[in-house]
Each structure stands twice: as C-alpha cells, then as structure tokens.
1. For segment 106-119, check the following and say yes or no: at least one residue is modelled with pLDDT under 95, in a helix (DSSP H, G or I) and aromatic (Phe, Trp, Tyr).
2. With the checklist (1) in contact with a Phe, Trp or Tyr (Cβ under 9 Å, 6 or more places away or on another chain); (2) over 27 Å from ARG156 (Cβ atoms) in hand, flag the one item VAL77 doesn't pass.
3. Could you list all residues from segment 142-162 that are among the charged types (D, E, K, R) and either in contact (Cβ under 8 Å) with a residue 60 or more places away in the chain or in a helix (DSSP H, G or I) (or both)?
4. What is the residue count in segment 172-201 for residues that are touching a residue at least 12 places away in the same chain (Cβ under 8 Å) and more than 27 Å from ARG93 (Cβ to Cβ)?
5. Among THR21, THR62, which is surrounded by 16 or more Cβ atoms within 10 Å (Cβ to Cβ), under 21 Å from SER164 (Cα atoms) and among the polar types (S, T, N, Q)?
6. Looking for something over 17 Å from VAL244 (Cα atoms) and either without any contact (Cβ under 8 Å) to a residue 40 or more places away in the chain or in contact with a Cys (Cβ under 6 Å, 6 or more places away or on another chain) (or both) - is there at least one such residue anywhere in segment 60-79?
Amino acid sequence: MKLKSVPANQGLLWAQLGVRTFLRRPIAFAALLGAFVLAAFAAALVPFIGPLIGLAMLPLVTLGFMLASRIVIEGGVPTPMVYVVPLRAERSRVVSLLWLGAVYAAATFAALWISGVVDGGALAGLMQPVPDGQNPSDVVAKRLAEPGLLAGLALRLGLTGLLSVPFWHAPALVYWDGQRVAQSLFSSTLACWRNRGAFFVYALAWCAFVMMFGMAASLVFALFGSPEMFAVAGVPISLMITTVFYASLYFTFADSFTSNGDTAALPVTNPSGSSS
C-alpha cells in the first residue's frame, strides 16, 4: 500500500462519516462493542495475565471495527464474526496480528507502570472506595491533593497517546497488506505524521462532539428535574460515543493508504456503498 496525503479538514469528514456509518447500523455496532466488553471481562478472570489479555485484544478490536465499517459501506450488516475473520487469514498475517497484540499489551503495561511510579500510586488511591465512617468529600479532596497525581495523569495521557500512533493503522496494514509487525508500526507512524493536520482536526472534532453531547444530555436531565441521573447515564453514553469513534477508524485508514490490489480500501468520500 502507498501512503496518501489529505488536507487538514479531512479529519472533520472522518468524524462525520463515523457518525453516519454508526447511525446506519447502530444496534450492530453496539453489539460489536458489547462482545468485546464481555470478552474483556472474561479475560480479566484469568489469574495474573487477565488484564494483559484484554489489552492484547485491542488491535484486533480496531481491525474488527474497520471491517464492520467497510461492511456497512457495502450495504451489509456486521456481526461479531468480524473479530474472527482476521484470524482465518493466512498464517503469517495471523501470527503478525497476535504479535501486535502482545507488543501493544506489553507497551501499554509499561506505560501505565511508569506513570504509576511517577504519581506514587496517587491515581490508584483515588480509585479506592472511601472507608466507612469517613467523610467522602474530605477523603477525595485529600487524594486529589496528592503530589504527583497531575504529573502521573499527564504522563499517562502522553504515553498512551504516543503509543496509539504506531498502532493506529498497524492491524489493518497487517491484515490487508500483509506487512510484518515492525513494518506496519513504522508505516502507521509515518502515515499519522504525514496527515498530522487531519488527525489534529479529527481529535478536535471528537473533543467537541463529546463536550456538546455531554452538555446536551446534562441539560435534558436537568429539564426533567433529575440532574443526578446524568451520572448514572454516563456509562452508557460513554460506551455509545466510544462505539461511534471506533466506527470512524476505517475512514482514517482508507484516506491514508491506497492500493491497486483487490483489498484496496474503499473511497471515504463515497460512503453509500458503490465504489469508484
């Protein structure tokens, strides 16, 4: 596959196409995320390595959602089988996908461990339940004042953000182009850098979407006299936004690479299902 360059405003189109694609098959996309969440919970039950297994699934999840978006573009209905299809590819590609998952899990674990060392366990302490008999406000305020908390949070965001760059396109490059692990990570990094303007706009678009959606939902609950219910609805709302975001990933890939082969990505400017 060859790298492509796109203007910065293409990032806004990626987000828009993600929303439009999700709205065409919202239940199907929700089922995909639900299947992953169930698999992650099941993996978490495995002693010692459960969390690592969950992290290792994420590259396959991003690829599965890319396949799902492409299926919807072509007029089909995606099912959780999109997670299985890549594992039925030729052996070399399956091995590379499994290695990608292992490398991602190890790198993410290392990033989180380093961040935990920097904040001295302040974030982990913040997540702990408030002991009985203590004022929750005082306990939370004290935990928020822990030195290193902000530095640890900033480091977590920075390291995980940097880590997402080489893995952004890597699973798709392995599956559709047969690239090896190192080559796919390099190609993904180069593509993200070449289209950094579009990705910056893409990130801004999603930040604006999250803020506007959150404000609208909060206003609706306030108008109905139940503002406290917004906290309860926060989990399903965040899951829905995550699903829409994942539905947009394919378009970032299709605009960053081109191929003359049978597995060429579909043009993102023609999401109705017909190719050109």
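1. Looking through segment 106-119, at least one residue is modelled with pLDDT under 95, in a helix (DSSP H, G or I) and aromatic (Phe, Trp, Tyr).
2. (1)
3. LYS142, ARG143, ARG156, listed by residue number.
4. 4
5. Unique residue meeting the criteria: THR62.
6. There is at least one residue in segment 60-79 that is over 17 Å from VAL244 (Cα atoms) and either without any contact (Cβ under 8 Å) to a residue 40 or more places away in the chain or in contact with a Cys (Cβ under 6 Å, 6 or more places away or on another chain) (or both).
The values are calculated or read from the model by the stated rules, or taken from the named source; none is laboratory data. All values reported here derive from a predicted model rather than from experimental measurement. Glycine gets a Cβ as well: all are built from the backbone with ideal geometry, and neighbour counts include every protein chain shown.
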